[in-house]
Amino acid sequence: MPSANNLQSAPFTVPPRVAMLSILGFWIFYYVSITLRSWIMDYPGAWHMLDNRAWVSLFGIGFTYLLYRALRLLCLHTLRVRVVAAFLFSAITATAYSTVNYLSFYVVDPKPAEMERAAREQEDEKKQDGPAHLIAENALSWYFFFLSWSVFYLALSYAGAVRASEREAARLRAATQTAEIRALRYQVNPHFLFNTLNSISSLVMSGKREDAEAMILNLSTFFRTSLAAEPTEDVPLADEIAVQKLYLEIEAVRFPERLKPSFEIDPAAANACVPGLILQPLIENAIKYGVAPARRPVQICVSAKVVGEMLEVTVSDDGDGAKAQNGTGVGLRNVRDRLTARFGEAATLTAGKRPEGGFAATLRLPLVYNGC
């Protein structure tokens, strides 16, 4: 819900077309309702007064338009100021309209003799009070008519300010979410880069230039792929797996005897959409806690399958470092935050030790096709 500060800063404006339609609607309603009442009550001279009432209504439309222009000038002021102005301007407009109404019905085109005879006594009493008293009496009645339109206009303008504030708040939320996703997306483990560069240096120093060149090429391809993609867009799971295979090839140079990757991807899941590099922190954790401290081959398995309307992706290892992964690390938190930013509560991440040994992290996210 927009705050009071947001509403104070939002202009209270109504599109001119909407304002004009509201003015015309008010006066058409007046003209039709008064005419029908005169016809139903069988007032003397009712049909004779149609022209007069039409001309007066046109003046009323003009006066209401001027009232609209006056209130529009205060669109940047507070609602309190605009309400006070509405009461004041409505009184001025009602007085002006009452004057035109008096001139039309009593001076320019007096009522017919039949109507005068039917209401002579009542009219004589009013005329004895003079034009000023009659104008003031009518102005009081018309004051509430113009005030009603002013209140209606203020309600429209306030609703417009609320909608504008809501749109701005939504835009800011979207921008914040996009910035958050970008920041999370670019959190590449610096240790990976440092270790890779050290491995390249070792390969060069030991004379394994072809291996070093292949590793540099893989590293270049990995970073070009991971950094060039739009951080807020999803990618097919097959593309995500391809990037992770490239990453594992780089790490395999560091752990040629210990790192044993495997992939079990259901064909139905290969084209499902996932956030780009969403598996990166999970595989990094598996290498950091499972492969790096091990003295034996460790298998890292990436599996994916479709379960109902959900995509389930699991990264598991059979290493001995499960105790170091308590579910509160930076990598897991990064994945959870990205899933929340992208899918809200519809996606989950569960992580923990496997009964048979090792560690497993499972993503469950809505199954989406053709959205990436």
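The values are calculated or read from the model by the stated rules, or taken from the named source; none is laboratory data. Just so it is clear, the structure is predicted and the values come from calculations on it, not from any experiment. In this analysis, Cβ positions are derived from the backbone assuming ideal geometry, glycine residues included, and neighbour counts consider all displayed protein chains.
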Please work out which one of (1) assigned to a helix (DSSP H, G or I); (2) modelled with pLDDT of 90 or more; (3) more than 21 Å from residue 367 (Cβ to Cβ) is the condition residue 224 fails and give its number.
-> (2)
Within the range 312-356, tally of residues that are loosely packed, with under 15 Cβ neighbours inside 10 Å, modelled with pLDDT of 90 or more and in contact with a helix residue (DSSP H, G or I) (Cβ under 6 Å, 6 or more places away or on another chain) | 1
Count of residues meeting criterion [more than 15 Å from residue 68 (Cα to Cα) and loosely packed, with under 11 Cβ neighbours inside 10 Å] in the range 11-35 | 3
Look at the range 269-283 and say how many of its residues are at pLDDT below 90 and either assigned to a helix (DSSP H, G or I) or exposed (fewer than 15 other Cβ atoms within 10 Å of the Cβ) (or both).
-> 2
How many residues are in contact with a helix residue (DSSP H, G or I) (Cβ under 6 Å, 6 or more places away or on another chain) and modelled with pLDDT of 70 or more when one looks only at the range 227-246?
-> 5
Only one of (1) touching a residue at least 24 places away in the same chain (Cβ under 8 Å); (2) surrounded by 13 or more Cβ atoms within 10 Å (Cβ to Cβ) is not met by residue 70, so which one is it?
-> (1)
What tally of residues in the range 81-122 results from selecting those that are farther than 13 Å from residue 157 by Cβ, loosely packed, with under 15 Cβ neighbours inside 10 Å and modelled with pLDDT of 85 or more?
-> 3
Unique match (being modelled with pLDDT of 75 or more and under 35 Å from the mean Cα position of the chain (by Cα)) among 184, 217, 154 | 154
For residue 309, indicate whether it is among the acidic types (Asp, Glu), in the same structural domain as residue 194 (by TED's automatic domain parsing) and modelled with pLDDT under 90.
-> no
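Considering each of 286, 304 in turn, give the residue that is at pLDDT 95 or above and buried (at least 23 other Cβ atoms within 10 Å of the Cβ).
304
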Answer yes or no: is there a residue in the range 249-268 that is crowded, with 16+ Cβ neighbours inside 10 Å, under 30 Å from the mean Cα position of the chain (by Cα) and part of a loop (DSSP other than H, G, I, E, B).
-> no
